[in-house]
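Colleague: A single structure is presented below for examination.
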Amino acid sequence: MSVLSFKPEGVFFDLDGTLLDSALDLHAAVVDLCAEQGVMPPSYDAVRPVVSRGSRAIIATAMPGLDAEAILALVPRYLEIYESGLARHTVPFEGIESLLAGIEAAGMRWGVVTNKPGFLTDALLPQAVPHWKPAVVVSGDTLPVKKPDPAPVVHACALAGCAPSRAVFVGDDRRDIAAGAAAGCYTVAVRWGYLDGGDPDTWEADTVVDRVSDLATLLGVGEAVA
């Protein structure tokens, strides 16, 4: 894995499936929702791949017979259940904390761009990782649009004071790569996430990495990662 030809001014990440492994808590919430609805809950293995697509995809996986309107009607209750157990099992993926320490030590700004609603993002980060201090957090309802629209990524760059052409966007879903590329960022697809978008090699990312240590090397902060 070679180092980037430029030093990034900013490195921006998707949240669920890229920085945080939140699938256990999201699965637990849909199990409780299924109990309320009197239906059999889905397995963890069935839910994990769709986590990056959000609550509607999770509910649809659990209750495939529901139409779009019925699924949408269950979203508020699902999010309420999820919020009540937001960070019981959610943790950073292995190596992420050292990676972020290396990014900060190198003088780069980093931030989060997620489709997760702001009330959940704002509650989750202090609970799961109280010591993290991202330069910027853009949630799914910060703007009228969300990824794969590039506007949230462009907005994050502006808030962090860096040009998109000098920024890196990292994600585990095809929509992340589409948003980052359209914003003008260097894009990195990661294999350790939920990968509901299929094979990352087909997403047209600038680089695909297998491990967090590979991303650290690419960013030139490899020494900070064990």
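Colleague: Taking the range 173-184 on its own, how many of its residues are in contact with a helix residue (DSSP H, G or I) (Cβ under 7 Å, 6 or more places away or on another chain) and either assigned to a helix (DSSP H, G or I) or at pLDDT 95 or above (or both)?
Modeller: 4
Colleague: Across the range 119-132, which residue is nearest to LEU4 (Cα to Cα) among those that are touching a residue at least 12 places away in the same chain (Cβ under 8 Å) and open to solvent by 10 Å² or more (accessible area, probe 1.4 Å)?
Modeller: TRP132
Colleague: Quick one: would you say CYS162 is in a loop (DSSP other than H, G, I, E, B), at pLDDT 95 or above and surrounded by 20 or more Cβ atoms within 10 Å (Cβ to Cβ)?
Modeller: So CYS162 passes the test.
Colleague: When you go through (1) open to solvent by less than 10 Å² (accessible area, probe 1.4 Å); (2) in contact (Cβ under 8 Å) with a residue 40 or more places away in the chain one by one for LEU195, which number turns out not to apply?
Modeller: The failed condition is (1).
Colleague: So in the range 15-60, with the set limited to residues that are of a type in the set (Ser, Thr, Tyr) and in a helix (DSSP H, G or I), which one is nearest to TYR78 (Cα to Cα)? Walk me through it before giving the result.
Modeller: Looking only at the range 15-60, we keep the residues that are of a type in the set (Ser, Thr, Tyr), and these are 18, 22, 43-44, 52, 55.
Of the ones still in play, those that are also in a helix (DSSP H, G or I) are 44, 52, 55.
On the way: TYR44: 16, SER52: 16, SER55: 7 Å.
Per the criteria, the residue is SER55.
Colleague: Do the conditions hold for ASP210, that is, is it open to solvent by 50 Å² or more (accessible area, probe 1.4 Å) and either in contact with a Lys or Arg (Cβ under 7 Å, 6 or more places away or on another chain) or of a type in the set (Val, Ile, Thr) (or both)?
Modeller: For ASP210, the condition - open to solvent by 50 Å² or more (accessible area, probe 1.4 Å) and either in contact with a Lys or Arg (Cβ under 7 Å, 6 or more places away or on another chain) or of a type in the set (Val, Ile, Thr) (or both) - is met.
Colleague: Something else: Taking the stated definitions as given, is VAL3 of a type in the set (A, V, I, L, M, F, W, C), in a loop (DSSP other than H, G, I, E, B) and without any contact (Cβ under 8 Å) to a residue 40 or more places away in the chain?
Modeller: So VAL3 fails the test.
Colleague: Ok, one more. Starting from the range 51-65, take each residue that is in contact (Cβ under 8 Å) with a residue 12 or more places away in the chain and list its partners that are of a type in the set (Phe, Trp, Tyr) and in a helix (DSSP H, G or I), counting only C-beta distances under 8 angstrom and pairs at least six apart or across chains.
Modeller: If the second residue must be of a type in the set (Phe, Trp, Tyr) and in a helix (DSSP H, G or I), the pairs left are SER55/TYR78; SER55/TYR82; ILE58/TYR78; ILE59/TYR78.
Colleague: Moving on. Would you pick out the residues in the range 1-31 that are among the β-branched types (Val, Ile, Thr) and at pLDDT below 95? Give the derivation first.
Modeller: Going through the range 1-31, the residues among the β-branched types (Val, Ile, Thr) turn out to be 3, 11, 18, 30-31.
Hit for the range 1-31 is VAL3, nothing else.
The values are calculated or read from the model by the stated rules, or taken from the named source; none is laboratory data. Not measured: the values here are computed from a predicted model. Quick reminder, even Gly has a Cβ in these numbers, built from the backbone with ideal geometry, and neighbours come from all protein chains shown. To get the accessible areas, we keep the full protein, side chains included, count just its heavy atoms, and leave off ligands, DNA and RNA. Shrake-Rupley method; radii C 1.70, N 1.55, O 1.52, S 1.80 Å.
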